[in-house]
1. For residue 95 and residue 115, FRET efficiency with R0 = 30 Å and r from the beta-carbon atoms, rounded to 0.05?
2. Nearest 10 degrees, 0 to 90: what angle lies between the long axis of helix 94-107 and the longest principal axis of the chain (Cα atoms)?
3. Got the relative contact order for the chain handy, in percent, Cα pairs under 8 Å and 6 or more residues apart?
4. So, with +1 on the Cβ of K and R and -1 on the Cβ of D and E, and no other charges, what is the size of the charge dipole of region 1-89 about its Cα centre, to the nearest 20 debye?
5. Where does helix 207-247 land angle-wise versus the long Cα axis of the chain, in degrees 0 to 90, nearest 10?
6. Sort the following peptides by mean Cβ neighbour count (other Cβ atoms within 10 Å, averaged over residues), highest first: 152-163, 106-117.
7. Among 92, 186, 196, flag the residue with its Cα farthest along the positive direction of the charge dipole of the chain, charges on Cβ as +1 for Lys/Arg and -1 for Asp/Glu.
8. Taking the Cα centre of region 1-158 as origin, sum charge times position over the Cβ atoms of Lys and Arg (+1) and Asp and Glu (-1), and report the length of that vector in debye to the nearest 20.
Amino acid sequence: MSVRAVKLITEDGRRVDGRKPDELRPTTIDVGILKNADGSALIRQGNNKIIVAVYGPRELHPRHLALPDRAIIRCRYHMVPFSVPERKSPAPTRREIELSKVIREALEPAIILSSFPRTTIDVFIEVLQADGGTRTASITAASVALADAGIPMRDLVTAVAVGKVDDTLVLDLNHLEDQYGGGDMPVAMMPSLGQITLLQADGTFTLDEFKRGLELAIRGIKSLYEIQKRALKERYASLALELRRGRS
Ligand code: ADP
């Protein structure tokens, strides 16, 4: 399929999946879905399906990697072989190694690492189905899984990408828009604190596009933040119910 054959915005201003430019993909987050992890979350954002498991804080092996004054975070982003149309090798690719680092750095500022010296907090991300914006969806889900594990945090971290397709700024790109569009800008932030923890840009943006793109991303982040908080509240409500049932 050549770039010219793909029309990404229709005459009436709709995108390939029918969304308006400033519309997020339908998103749900389920918390505490894995019994054996300390914290977990499953995010569905459009066709993306991503599971995050958090272990820790726990003792770090080998011990010489431990820091005397704080915990360290280890993060592994991985796409399963059936997550994309052509089978992906299960071995970690350069992209996955880079994204593991990018995601860790986006989450780190939110975590109060000094509470748990000499320990590690491990974040495992498995992309089950990918359709663009998996790094940002992974960050959004990972911060919820960290909260589910009871890790003290300054704020949640929420992320979304904005981009340019057919010269229109759009929120939350799918893979087709990411592949054939003119630019992609993933943004992560701590919404209550108003602090950005990740800002990347691929493609070219004018200063005005950059400013409007960032505003659009922040609007999307605010909506996703509400979904994260609601998911955590539902988890606490169901835990409280289980506890009450256990006592009676
Ligand atoms: P992000 O998922 O954060 O947007 P990229 O821009 O690197 O990261 O990837 C965009 C999309 O390209 C992914 O979400 C996925 O749908 C697709 N993709 C990534 N790696 C592969 C792969 N090995 N094979 C097929 N599609 C891939």
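The values are calculated or read from the model by the stated rules, or taken from the named source; none is laboratory data. As the structure is a prediction and not an experimental result, all values here were calculated from the model. Every residue, glycine among them, receives a Cβ derived from its backbone with ideal geometry; neighbour counts consider all protein chains shown. Each accessible area value is taken on the protein alone, full model and side chains, heavy atoms only, with ligands, DNA and RNA left out. Shrake-Rupley method; radii C 1.70, N 1.55, O 1.52, S 1.80 Å.
1. Details: r = 32 Å, r/R0 = 1.08.
According to the calculation, E is roughly 0.40.
2. 70
3. On the way: 523 pairs, mean separation 51.5, N = 248.
After rounding, I find 21 percent.
4. Using Cβ point charges on Lys, Arg, Asp and Glu, region 1-89 gives about 260 debye.
5. 40
6. 152-163, 106-117
7. 92
8. Values: 24 positive and 19 negative charges, 79 e Å.
Approximately 380 debye in magnitude.
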